[in-house]
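The values are calculated or read from the model by the stated rules, or taken from the named source; none is laboratory data. Given the structure is predicted, the values throughout are model-derived calculations rather than measurements. All Cβ positions, even for glycine, are placed from backbone atoms using ideal geometry, and neighbour counts span all protein chains on display. Keep in mind that these areas ignore ligands, DNA and RNA; they rest on the heavy atoms of the full protein, side chains included. Shrake-Rupley method; radii C 1.70, N 1.55, O 1.52, S 1.80 Å.
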Amino acid sequence: MENFINNLPKAELHLHIEGTFEPELMFEIAKRNKVDIPYDSVEKLKKAYAFSCLQDFLDIYYQGAQVLLYEQDFYDLTFAYLEKCAEQNVRHAEIMFDPQTHTERGVSFETVITGIHKACVEAREKFGISTLLIMSYLRHLSEEAAFKTLEESLPFKAWITAVGLDSSEKGNPPSKFKRVFEASVAEGYVPLAHAGEEGSADYVWEALDLLKIKRIDHGNNSLQDASLVREIVKRDMALTVCPLSNLSLKVVENLSEHPLKKMMDLGLKVTVNSDDPAYFGGQVNQNFISIQKALDLSKEDLCELARNSFRYSLLDQNMKDMYLREVEAYCAA
Ligand code: HPA
Ligand code: ZN
């Protein structure tokens, strides 16, 4: 099964580039930038990766990102992730980045996106991996701050496909960002959002009805509301599920209780993703392997998850068809 998963062609649709920051690279960049990390070794830093909820994680995640200062740092971070994609037969990645985590510290939008974009171009040439970028608004910050970020993004519009919504969910409902999502869509960005990770099913309804999102990041708590599940099925929207993230942040107590299979049985379109692999103990293939074991998924289930990852990507139909043919050839053999 592990071998089958490793070679299965797949796309990753829920991935925060700041969440791919491995401690070794963090220490290396901190050293060259002469920035202090409040841990004196990789081992001690890793010990801090024991979370009891989303906010515990976010506090450490934002702290880690503070060593990123220059274009080269964003390039190195992104290229390291894309090298891992190549090793895992991830053929396509839709990468979220949090501009405000950096612009709030005085790093320019241009610095962030130029480094990320250059790594994506390089990975396309070197590994044949396609990528696209999702600019995520931090929901614990104000609507005004999100509008400012939208404005800053406009010179780089050609490099950005979608907008997302992440960070502390509870107390920051989608309704807070209705207007900035409308403005983002008017600029040509596809609307996406985290919803129902820690927030209730009502937050998922708001993300659907007010933000008009095309895909749901996480979406676990949708299962609390049968009419919502029917609506998501009817609208043919996918959930980007992140099993090891859900385990690390105590969204589920253990993986055998994870609702992924139940979601599939209800007719929901599910994909498997790593979210923040440096913090949650596994890249996308490890997420597949762990959830396959925990829920005894069949090869056909795995093929369906891989198909969904391309079908519900933001690629054009020609690219989707090309990748889907790769999945079909693999799964038939
Ligand atoms: N949820 C919300 N915000 C995030 C996450 C997440 O899982 N990862 C990075 N930012
Ligand atoms: Zn996420």
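Some observations on this one:
- Among residues of region 222-250, those that are in contact (Cβ under 8 Å) with a residue 12 or more places away in the chain and either within 16 Å of the chain's Cα centre (by Cα) or closer than 20 Å to E304 by Cα (or both), counted: 18
- Scan of region 59-87 for residues that are within 14 Å of H117 (Cβ to Cβ) and of a type in the set (A, V, I, L, M, F, W, C), ordered by number: F74, L77, F79, L82
- With respect to (1) within 15 Å of ligand 1 (Cβ to nearest atom); (2) surrounded by fewer than 14 Cβ atoms within 10 Å (Cβ to Cβ); (3) closer than 30 Å to R307 by Cβ, the lone exception for E2 is condition (1).
Each row is one residue, and each column tells you yes or no for (1) open to solvent by less than 10 Å² (accessible area, probe 1.4 Å); (2) within 26 Å of I60 (Cα to Cα); (3) small (G, A, S).
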position	(1), (2), (3)
F288	yes, yes, no
L295	no, no, no
D301	no, no, no
L305	yes, no, no
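- For V252: the one exception among (1) crowded, with 21+ Cβ neighbours inside 10 Å; (2) within 16 Å of ligand 2 (Cβ to nearest atom): (1)
Conditions tested, residue by residue: (1) within 25 Å of R215 (Cβ to Cβ); (2) part of a strand (DSSP E or B); (3) at pLDDT below 95.
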residue	(1), (2), (3)
L15	yes, yes, no
E24	no, no, no
F57	yes, no, no
L77	yes, no, no
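- For region 230-241, the candidate set comprises residues that are open to solvent by less than 50 Å² (accessible area, probe 1.4 Å) and not in a loop (DSSP other than H, G, I, E, B); within that set, the residue that is farthest from ligand 2 (Cβ to nearest atom) is E231.
- Elements of the type helices (runs of 4 or more DSSP H) sitting completely within region 87-192 and holding at least 2 residues that are over 30 Å from K10 (Cβ atoms) and open to solvent by 30 Å² or more (accessible area, probe 1.4 Å): these cover 109-127, 143-153, 178-186.
- Residues of region 55-74 satisfying the condition of being away from ligand 1 (no atom under 11 Å from the Cβ) and either over 18 Å from the mean Cα position of the chain (by Cα) or open to solvent by 50 Å² or more (accessible area, probe 1.4 Å) (or both): D56, D59, Q63, Q66, V67, L68, L69, Y70, E71, Q72, D73
- Cβ-Cβ contacts under 8 Å between residues 6 or more apart (or on different chains), taken from a first residue in region 178-197 that is free of Cβ contacts under 8 Å to residues at least 40 places away in the same chain and within 16 Å of ligand 1 (Cβ to nearest atom) to a second residue that is open to solvent by less than 60 Å² (accessible area, probe 1.4 Å) and among the β-branched types (V, I, T), are listed as A193/I213; A193/I216; A195/V204; A195/I213; A195/I216; G196/V204; G196/I216.
- Residues that are assigned to a helix (DSSP H, G or I) and either closer than 8 Å to T240 by Cα or within 16 Å of ligand 2 (Cβ to nearest atom) (or both), drawn from region 215-229: N220, N221, S222
- Restricting attention to region 265-285, the residues that are in a helix (DSSP H, G or I) and buried (at least 19 other Cβ atoms within 10 Å of the Cβ) add up to 6.
- Only listed residue being on the phi > 0 side of the Ramachandran plot and under 18 Å from the mean Cα position of the chain (by Cα), chosen from G219, G188: G219
- Flag if E187 is in contact with a Ser or Thr (Cβ under 6 Å, 6 or more places away or on another chain) and over 22 Å from D56 (Cα atoms): no
- Residue in region 29-47 that is more than 16 Å from ligand 1 (Cβ to nearest atom), within 22 Å of the chain's Cα centre (by Cα) and either free of Cβ contacts under 8 Å to residues at least 40 places away in the same chain or farther than 30 Å from D296 by Cα (or both) present: yes
- Residues that are surrounded by 13 or more Cβ atoms within 10 Å (Cβ to Cβ), among the small types (G, A, S) and outside any helix (DSSP H, G or I), drawn from region 26-54: A48
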